[in-house]
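Some notes on the structure that comes next.
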């Protein structure tokens, strides 16, 4: 299971509420007519500060079956049935960055993910044992541990999505040089 994660904010002069409505429209479009390999998606509002600076931003998760499904999603997003919703949101978008993550433990469910714990490690640091530690205390049916597979801009190595931060991401448990940033997110409701 993979997820395309996109952090973005509205362009200058675009109200966050208006931008959120455009994002919800695109989410509804995908849910109503999902492309092959698409599992589900969600968009979250982020408080400031966040990855993109001191202004409110958004975080989209597009859960897909595999890399082939990413190509299908990419084509479908700007294809018949979704293009007007996609293009309206894209025209209102400002700065953004993205990454592809692979689920390595737990659930790909996004409905309980009110907290994201983003974990970075120093270059060259081993990770297999630490990956298990990060998921310690995580409810595997309601939370997931994700590892970055492909960076399309600045993005942390690991993410734990959960209702609350698990014990494994506490500063006292991380290896030297590792860091964790806990972000609370508010889900947009695609009506």
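Compute the acute angle (0 to 90°) between the alpha-carbon long axis of helix 83-92 and the principal axis of greatest extent of the alpha-carbon atoms of the chain; round to the nearest 10°.
Taking Cα atoms only, the helix is inclined about 70 degrees.
Mind checking the full-extension length gain between residue 39 and residue 21? Use 0.36 nm per residue of separation minus the Cα-Cα distance, one decimal, nm.
So the extension gain works out to 4.3 nm.
Report the full-extension gain for the segment residue 48 to residue 111: residue separation times 0.36 nm, less the Cα-Cα distance, to one decimal in nm.
Answer, rounded to one decimal: 20.5 nm.
Consider a paramagnetic label point 7 Å from the Cα of residue 151 along Cα→Cβ; state which residues of the stretch 1-28 have an amide N under 13 Å from it.
none
Could you give the angle, 0 to 90 degrees to the nearest 10, between helix 16-32's Cα long axis and the longest principal axis of the Cα atoms of the chain?
Rounded to the nearest ten degrees, it is 90.
Taking the number of other C-beta atoms within 10 Å as the exposure measure, put 138, 1 in order starting with the fewest.
With the fewest neighbours first, 138, 1 line up as 1, 138.
Multiplying the sequence separation of residue 102 and residue 175 by 0.36 nm and subtracting their Cα-Cα distance, what value in nm do you get?
Working it through step by step, the gained length comes to 24.1 nm.
Can you pull the semi-axes for the stretch 2-186, root of five times each eigenvalue of the Cα gyration tensor, sorted largest first, whole Å?
Working through the eigenvalues yields semi-axes of 28, 19, 14 Å.
Would you mind putting 155-167, 103-115 in packing order, based on average other-beta-carbon counts within 10 Å, highest first?
155-167, 103-115
How many nm separate the modelled label positions at residue 67 and residue 55, each set 7 Å beyond the Cα in the direction of the Cβ?
About 3.5 nm, to one decimal.
Taken together, the values in this text are just the output of simple stated rules run on the coordinates, not laboratory data. Remember, predicted model here, so these are calculated numbers, not experimental data. Don't worry about glycine lacking a Cβ; one is built from the backbone with ideal geometry, like all the others, and counts go over all protein chains shown.
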